[in-house]
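Peer 1: Before anything else, here's the structure in question.
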Amino acid sequence: MCNKKLIGTKNYEKPIIVSLTSYSKRLLTVEKTIQSIIRQTYQNIKVILWVSHDDKNLIPASLRKLESEIFNIKFVADIKSYKKLIPALKIYPDHIIITADDDIIYSNNWIEVLLKEHLRYNNDIIAHRCHRIKFDSNGNMLPYKYWQHCVKIYSRSILNFTTCGGACRAF
């Protein structure tokens, strides 16, 4: 992706919500991911780490120290990976929401790149990375291992399946 500043970015009045979840095994390492997100070139953001109530006592002190106006840890029922989207949609229904993964270090312009594409295609879900769903000759969906992984073609398709690295959508 390009390293240039985002051209034509409007500074949205509402902060962009960057939403991710983590669980017991990754809570000790998610701090690096959080730091890569809060150090983005686009700064009008609010980063929320959704953690299961069951893991509340497993939050390391170093992660707690990062909490600020930009970064919050919130506790919710354990609905697995849906924790990063469902609660954010309920609390921030009129915001742009970017989902992130807890095991990736993001480039400093990651949000800018997603927003640039969002400005071009504001009715679409924008993904940093996706796979393409494939079908057999009878029209049946093939198992995941046969899908086209890490599609590099920038195209609109209902067959694109967003994977790690984030997705952006204004709801």
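The values are calculated or read from the model by the stated rules, or taken from the named source; none is laboratory data. Treat the numbers as computed from the prediction; the structure is a model and nothing was measured. Every residue, glycine among them, receives a Cβ derived from its backbone with ideal geometry; neighbour counts consider all protein chains shown.
Peer 1: Test Val76 against the criterion of being modelled with pLDDT of 95 or more and within 14 Å of Asp103 (Cα to Cα), and give yes or no. It would help to see each step written out before you state the result.
Peer 2: Details: modelled with pLDDT of 95 or more: yes; within 14 Å of Asp103 (Cα to Cα): no.
The answer is no for Val76.
Peer 1: Output the qualifying pairs, or none if there are none: Cβ atoms under 6 angstrom, residues six or more apart or on different chains, first residue in the range 60-87 and closer than 18 Å to Leu28 by Cβ and surrounded by 17 or more Cβ atoms within 10 Å (Cβ to Cβ), second residue modelled with pLDDT of 95 or more and among the charged types (D, E, K, R).
Peer 2: Here the result reads Leu63/Glu31, each pair linking the range 60-87 to a residue that is modelled with pLDDT of 95 or more and among the charged types (D, E, K, R).
Peer 1: Additional query: Quick check on this structure: which one of Lys5, Lys56, Lys10, Lys14 is among the charged types (D, E, K, R) and at pLDDT 95 or above?
Peer 2: Numbers: Lys5 fails: at pLDDT 95 or above; Lys10 fails: at pLDDT 95 or above; Lys14 fails: at pLDDT 95 or above.
Being among the charged types (D, E, K, R) and at pLDDT 95 or above holds for just one of Lys5, Lys56, Lys10, Lys14, which is Lys56.
Peer 1: Another question, then. Somewhere in the range 45-55, is a residue touching a Pro at 6+ places or on another chain (Cβ under 7 Å), crowded, with 19+ Cβ neighbours inside 10 Å and among the aromatic types (Phe, Trp, Tyr)?
Peer 2: Yes: one or more hits.
Peer 1: Counting just the residues of the range 88-129 that are free of Cβ contacts under 8 Å to residues at least 40 places away in the same chain and assigned to a helix (DSSP H, G or I), which one comes out farthest from Val51 (Cα to Cα)?
Peer 2: Ranking the qualifying residues of the range 88-129, first place goes to Arg120.
Peer 1: Taking only the range 122-141 into account, find how many residues are more than 26 Å from Val18 (Cβ to Cβ) and of a type in the set (S, T, N, Q). Spell out how you get there, then give the answer.
Peer 2: First pass over the range 122-141, keeping only residues more than 26 Å from Val18 (Cβ to Cβ): 133-141.
Filter again for of a type in the set (S, T, N, Q), leaving 137-138, 140.
Of the residues in the range 122-141, 3 are more than 26 Å from Val18 (Cβ to Cβ) and of a type in the set (S, T, N, Q).
Peer 1: Can you tell me which residues in the range 30-69 are outside any strand (DSSP E or B) and among the charged types (D, E, K, R)?
Peer 2: Here is the first cut: in the range 30-69, the ones outside any strand (DSSP E or B) are 30-44, 53-69.
Within the range 30-69, Glu31, Lys32, Arg39, Asp54, Asp55, Lys56, Arg64, Lys65, Glu67, Glu69 meet the criteria.
Peer 1: Quick one: count up the residues across the range 70-83 that are touching a Ser or Thr at 6+ places or on another chain (Cβ under 9 Å) and either in a helix (DSSP H, G or I) or among the β-branched types (Val, Ile, Thr) (or both). I'd like the intermediate steps shown before the answer.
Peer 2: Just the residues of the range 70-83 that are touching a Ser or Thr at 6+ places or on another chain (Cβ under 9 Å), to begin with: 75-83.
Those still in the list that are either in a helix (DSSP H, G or I) or among the β-branched types (Val, Ile, Thr) (or both) too: 76, 79-83.
Within the range 70-83, residues that are touching a Ser or Thr at 6+ places or on another chain (Cβ under 9 Å) and either in a helix (DSSP H, G or I) or among the β-branched types (Val, Ile, Thr) (or both) number 6.
Peer 1: Something else: Could you tell me how many of the residues in the range 90-102 are surrounded by 14 or more Cβ atoms within 10 Å (Cβ to Cβ) and more than 17 Å from Asn123 (Cβ to Cβ)?
Peer 2: Here is the first cut: in the range 90-102, the residues surrounded by 14 or more Cβ atoms within 10 Å (Cβ to Cβ) are 92, 95-102.
Then drop every residue that is not more than 17 Å from Asn123 (Cβ to Cβ), which leaves 92, 99-102.
Within the range 90-102, residues that are surrounded by 14 or more Cβ atoms within 10 Å (Cβ to Cβ) and more than 17 Å from Asn123 (Cβ to Cβ) number 5.
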